[in-house]
1. What number of residues in region 60-92 are open to solvent by 90 Å² or more (accessible area, probe 1.4 Å) and farther than 15 Å from His108 by Cα?
2. Taking only region 22-70 into account, find how many residues are of a type in the set (S, T, N, Q) and within 53 Å of the chain's Cα centre (by Cα).
3. Restricting attention to region 4-59, which residues are open to solvent by 90 Å² or more (accessible area, probe 1.4 Å) and not in a helix (DSSP H, G or I)?
Amino acid sequence: LFQPSMLPDGIVLIEQPVGDTPLTLYGLYDSGIISKEFRKMRWRTTTVAHAGMLLAVAFILLVAGNITRRARLVVTQSKQIARGNFVQLESGDMGRDEIGVLAGSMNHMSLQLKTLIDEKYKSQLHEARLERETAQAKLLALQSQVNPHFMFNALESIRMKAALKHE
C-alpha cells in the first residue's frame with residue numbers, strides 16, 4: 001500500500017473520493033512548479049495591470065488636454081469679444097459636445113454683436129449726415145432771407161441819403 005510519507009519533499013498528494021463509489025482519485029503535484037507558475041502569473045498580472053493603468057492615464061490626459069485646449073479657446077474668444085474684436089472660432093475644431101455648443105453660441109453672438117454695432121454705427125452716420133444737411137438747409141434759408149432784406153436795406157439807405165441831399 002502507498003504511504004504519503006514515502007513522497008519526496010515538495011511533492012503533495014491529493015485524495016478525492018469519487019461520488020458514492022468506493023473509488024478514490026489520487027493526484028500528485030510538485031509544489032515548486034506550482035509556486036514557480038504562481039510567481040510567473042503574478043508578474044504577468046502586475047505587468048498587465050500597470051500597462052492598463054498607464055494606458056488609462058494616457059487616455060485621461062489626452063481627453064483632459066483636449067477639453068482644456070478647447071475651453072481656453074472659448075475663454076480667449078470671450079475676452080476678445082469683450083475688447084470689441086469679434087473673432088470667430090472654427091467650429092470644426094470644437095467638436096459637438098458642450099464646449100462645441102458653447103463655441104458655436106459664442107460665434108453666433110459675436111456675429112450678431114458685430115452686425116448690431118455696424119447697424120448702429122451706420123445709423124449714427126446717417127443721423128449725423130441728416131443733421132448736417134438740415135443745418136445746411138436752415139443756413140441757406142437764412143441766407144435767402146437775409147439777401148433780399150439786405151438789398152432792400154441798402155437801396156433804402158441810398159434812397160434816403162439821396163432824398164436828404166435832394167438828389
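The values are calculated or read from the model by the stated rules, or taken from the named source; none is laboratory data. A quick note: this is a predicted structure, and the numbers were derived from the prediction, not measured. These area figures cover heavy atoms from the full protein model, side chains too; ligands, DNA and RNA do not enter into them. Shrake-Rupley method; radii C 1.70, N 1.55, O 1.52, S 1.80 Å.
1. Total satisfying the criteria: 7.
2. Taking region 22-70 and keeping what is of a type in the set (S, T, N, Q), we get 24, 31, 35, 45-47, 66, 68.
Then drop every residue that is not within 53 Å of the chain's Cα centre (by Cα), which leaves 45-47, 66, 68.
The qualifying residues number 5.
3. Asp9, Glu15, Gln16, Asp20, Pro22, Leu23, Leu25, Tyr26, Leu28
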